[in-house]
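Here the structure comes first, spelled out in C-alpha cells, and everything after it is commentary.
The values are calculated or read from the model by the stated rules, or taken from the named source; none is laboratory data. Everything numeric in this text was worked out from a predicted model, so none of it was measured. Cβ placement follows ideal geometry from the backbone for every residue including glycine, while neighbour counts extend to all protein chains displayed.
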Amino acid sequence: MTVIHVALDVPVNRLFDYLAPNADSADIGRCVRVPFGNRQLSGIILSVSNLPSVPERKLKTAGLIDQAIPPLPQSLLELFEFCSHYYHHPIGQVVMNGLPALLRKPGYTTSRIPKQIQEWILTDAGRIITLSDIPARSKTKRQLFSLLLENGIITADIYKAMSPHSRKLLHEFKDLGWVEQRTALPGKFAFSTVPTLAPTTEQAHAIAEILARIGTFTPWLLHGITGSGKTEVYLQVAASLLAQQKQILVLVPEINLTPQLEATFRKRFPNTPLVSLHSGLNSSERLQGWLQAQCGEANIILGTRLAIFTPMPRPGLIIVDEEQDHSFKQQDGLRYSARDLAVYRARQANIPIVLGSATPSLESYHQARIGRYRLLQLHARAISQAVLPAIHCIDMRVTPAQERLSEPILDALRQSLDQKQQSLVFINRRGYSPALLCKSCRWIATCKRCSSRLVVHLRNRQLRCHYCGDQQPITPACPQCGDPDIMPFGHGTQRIESALIKQFPNARILRVDRDSIRHKTAWQTMLDTIHQGKVDILVGTQLLAKGHDFPNLALVCVLNADSSLYSTDFRAEEHLFSQLMQVAGRAGRAHIPGTVLIQTEFPQHPLYLALIRQDYAAYAQTQLKERKSASFPPFVYLAVLRAEAPVLAEALEFLHQTAVIATIAKEYAHIQLFDPVPATMTRLKGLERAQLLIQAVSRKCLQIFLSDWHQRITALPARSKLRWHLDVDPLTL
Ligand code: ADP
Ligand code: ZN
Ligand code: ZN
C-alpha cells in the first residue's frame, strides 16, 4: 500500500493522506488532485510512505499526479516546513500560499500552462556571419540580422513589431545554425550593452570581500550611504556568479521599485534570462516566471517579498535591498519576514546573502556588531562630484508659516525654481487634510468601523477611512450641532499641492501618492515625467522616498516629521530616521549639491541632531542602548497573540484564558507574558482588537514555548468563537 501525505490549503496544521498506488518517492514535491469533502483540491505531496495515519479503509484515492511540472525541490519543501513551524501556521496553507495561484487553483490542468514566449539568440556560428553574406535584395532578412548582430538577441516584442515574415526568417536562421531559440518572459526592455562602471575603492573592496567567500553561507551587511552605489556592488558580484551559471535572487521592498531594478539588471546582463515576480503580474505571467525559475531557465529572479518562495535549482546569491524596509514582513495570513527567510535560505543553500541599506535595521546592525554578519561599508557617494546634502532644521516654534509652509522653505523653493532645479516636498500623509472638525462643538468626523479619523479628500468631496477604505460624502454641516462651519484640519498632500499652486502659479507641480498612482501605468508615466525634467516641484509621500534616482533634484523639504517622534511604537523612531535619511538621500545625487530642510518643533531632538550629521552609526548605537535597557529587540525576542471580536471584553477574555493555560507550564522561566491590553488601534473594520505580548531571552526559548502554547490554544473551546492569530517577530505592537 502506498500512501501520499499531501499539503492542502486548509486551516489545520496537518497533512492529508491518500492512497496512490503508483506513487513513489520521485513524486515528492509534485502537484496532485485529491478529493476533499465534496470538492476536488490541488495539493503538494510532501512525503510518500506505507504508513497511513488513519485506517486504510478510511483512505480515499488520490487523483492525477501532475508529471508535467518538475517536483518542487527538497530545499523549498524544507523552507515551507520551517515556516510552518516557526510562524505556527498550518503547513498546507504555507505551501499553497507560497505557490503561484494558478498551480493551486481547482480545475487547473497542465494543459493550461501558458504558452512559452520565444526569443532568439545569436550563436557563435552566427557571430561570424556578416551582412554581406545575406543577399541585398532580402531587405527584411538583412534588417533582422543586423539587429541580431547589434544586440545579440531578438525578443518576441521586437520580431512581432517588425514584419509578419520575421518569425519565418528567424526559423531560417535557426536552420542555418546562426541563432538559437529560447523560451523567455515577455522582454519589457530593449537590449543594449553598458560597460561595467569602474568601481570606487570602497565598492571594489566590498566586491572582493564578497567574492572571496562565494561558496559558503556568509551573511553580509552592506551599509552604504544613499548614492554610494550599492547597486553596482550587487551587479558586479552577480556578474561573477552568473558566469558560473548560478541563479540570483534579488528582493526589493516595493513593487514600484522592480521596473527600475529590472531595467538595470537587463541592461547589464542583456543575454541572461530574468524574471520579475511581484503582485502586479497576472496569474499566468506569474506562473510562467515561477516555472522559469523552477526549471532553472531564469538566472536572475527579482521580486517582492513573495519571491522568497521561488524554487531555484542552482542558487548562488541572495540580495535583499533596503533590508530594513517593513514591507518585507507580511502583515496578514502567514506573517513571515522575507528578509529573515532569505537568511534561512542562504544558510540552507550554503551561499552568500547581501543585506543592503543606508540605514540598516537595528536587528541586522546588531548582528553585524556582534560578528554574526560581516559588515561592509560605503562611506562616500559613488559619483565623485556628488556630495551628501546639507541638512538643516527649521524651528517651527519661531518661524512664520502659511499653510504649513515656512518662509525659509518657500524661499528655497523659489530659488530652486529660478535655477531650474527640481524640488521635493515630502509630507507623509495623503488626502487633503487628516481630519474634519466642527469649530463650535469640536466634533470630529470618525470612522464608524475603526477607531480612526476620516481623512478629507477635497478633490472628490469625500471623507475616507485610510484603514478600512470606507468613504462617504463630506457633510455640509456638523451632524452634532448643525453648524455649517466645519473645517478641514491639518495638512495632507492635496492641501500642500493646492497651497503650492497658489504660491507658485507658474511652476509645474506634480503630486505623487497612492491616490495619484492608482492607475497601473500612472506610476511609470510619472517617473518618466520627472526624469524628463517636466516637473519643478514634487509633492509626495514615502512612495517617492525610496530608492529613486532623480538626477536634477536639488532640494528636499520635509513638512510634518514630528508626528512619529513621541509614538508608543518602539520602532517608530528607527523608522522615522530611516525614512528621513532616505528622503534626504534623494537630494543632490548627481552633480548638483543638495539641500534638505526639515520643519520641526523639536530641533534639539537627538534624532534630528544625528540626522543633520548623517551619522547612522552614532544614532544606531544610542538606539541600541535604549533598546537594551528597555528590553526590546534585538535584545529580546517577541511574539504577539492578537484577538478580534465584536466586543472588546470578549477579545480580552480570550487572551486571559490563553494566559492561564500558559502559566500552567512552569518550566518556561525565560518567558515573560504581559497582561492582555487593547490594541493601539482598538477598533478596525468593525472589530475590537486586543493583544498579549510574549517576551523571551532567546529565539529558541520562544519557539519551544510557542509550540506548546499554540497547541494548547487550539484546544481551547473559545478559540473558534473569535478571530485570533500569533505574530512571531512582530514589527508593530
Ligand atoms: P545606492 O543604491 O547606494 O543609493 P546607487 O546604486 O543608486 O546608490 O548609485 C548612485 C549613483 O551612482 C547611480 O547613478 C550610479 O549609476 C552611480 N554609480 C555607482 N557606482 C559608480 C561608479 N563606480 N562610478 C560611477 N558612478 C557610479
Ligand atoms: Zn458641531
Ligand atoms: Zn475605517
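Restricted to strands (runs of 3 or more DSSP E) entirely inside segment 628-733, those with at least 3 residues that are away from ligand 3 (no atom under 16 Å from the Cβ) and within 26 Å of the chain's Cα centre (by Cα) are 637-645, 723-728.
Filtered by the rule that a residue be over 20 Å from Thr216 (Cα atoms), surrounded by 19 or more Cβ atoms within 10 Å (Cβ to Cβ) and touching a strand residue (DSSP E or B) at 6+ places or on another chain (Cβ under 7 Å), segment 366-382 gives a lone residue, Leu378.
Scoring Ser452 on the criteria (1) touching a residue at least 60 places away in the same chain (Cβ under 8 Å); (2) away from ligand 3 (no atom under 16 Å from the Cβ); (3) over 30 Å from Val233 (Cα atoms) leaves a single failure, condition (2).
Against the condition more than 30 Å from Ala645 (Cα to Cα) and of a type in the set (S, T, N, Q), how does Ser451 come out, does it pass?
So Ser451 does not fit the description; no.
Restricting attention to segment 437-449, the residues that are surrounded by fewer than 19 Cβ atoms within 10 Å (Cβ to Cβ), in a loop (DSSP other than H, G, I, E, B) and either of a type in the set (Lys, Arg) or within 11 Å of ligand 3 (Cβ to nearest atom) (or both) total 4.
Among residues belonging to segment 466-505 that are closer than 18 Å to Cys438 by Cα and buried (at least 18 other Cβ atoms within 10 Å of the Cβ), point out the one that is nearest to ligand 2 (Cβ to nearest atom).
Filtering segment 466-505 down to residues closer than 18 Å to Cys438 by Cα leaves 472-491.
Subset that is buried (at least 18 other Cβ atoms within 10 Å of the Cβ): 478, 486, 488, 490-491.
Working: Cys478: 3, Ile486: 7, Pro488: 15, Gly490: 18, His491: 22 Å.
Looking at residues that are closer than 18 Å to Cys438 by Cα and buried (at least 18 other Cβ atoms within 10 Å of the Cβ), I get Cys478.
When we screen Gln348, Gln377 for residues that are in contact with a His (Cβ under 6 Å, 6 or more places away or on another chain) and modelled with pLDDT of 95 or more, the only hit is Gln377.
Regarding Arg495, is this residue in the same structural domain as Leu410 (by TED's automatic domain parsing) and out of contact with any strand residue (DSSP E or B) (no Cβ under 8 Å at 6 or more places or on another chain)? Spelling it out, it is not the case that Arg495 is in the same structural domain as Leu410 (by TED's automatic domain parsing) and out of contact with any strand residue (DSSP E or B) (no Cβ under 8 Å at 6 or more places or on another chain). In segment 295-306, the residues that are under 11 Å from Asp321 (Cα atoms) reach residues that are in a loop (DSSP other than H, G, I, E, B) with C-beta atoms within less than 6 angstrom, at least six apart or across chains, in these pairs: Gly303/His278; Thr304/His278. Each residue in segment 448-471 was checked for being at pLDDT below 95, of a type in the set (A, V, I, L, M, F, W, C) and within 23 Å of Gly482 (Cβ to Cβ), and 1 pass. Report yes if some residue within segment 634-642 is crowded, with 18+ Cβ neighbours inside 10 Å and touching a Cys at 6+ places or on another chain (Cβ under 9 Å); otherwise report no. So far as segment 634-642 goes, yes, one or more of its residues are crowded, with 18+ Cβ neighbours inside 10 Å and touching a Cys at 6+ places or on another chain (Cβ under 9 Å).
Within segment 455-496, the set of residues being more than 22 Å from Ala561 (Cα to Cα), assigned to a strand (DSSP E or B) and in contact (Cβ under 8 Å) with a residue 24 or more places away in the chain comprises Leu463, Arg464, Ile486, Met487. The number of residues in segment 365-406 being in a strand (DSSP E or B) and either touching a Gly at 6+ places or on another chain (Cβ under 8 Å) or under 23 Å from Arg213 (Cα atoms) (or both) comes to 6.
With segment 1-105 as the region, which strands (runs of 3 or more DSSP E) entirely inside it contain at least 3 residues that are surrounded by fewer than 21 Cβ atoms within 10 Å (Cβ to Cβ)?
On the way: elements: 3-7, 16-19, 31-36, 39-49.
By residue number, 31-36, 39-49.
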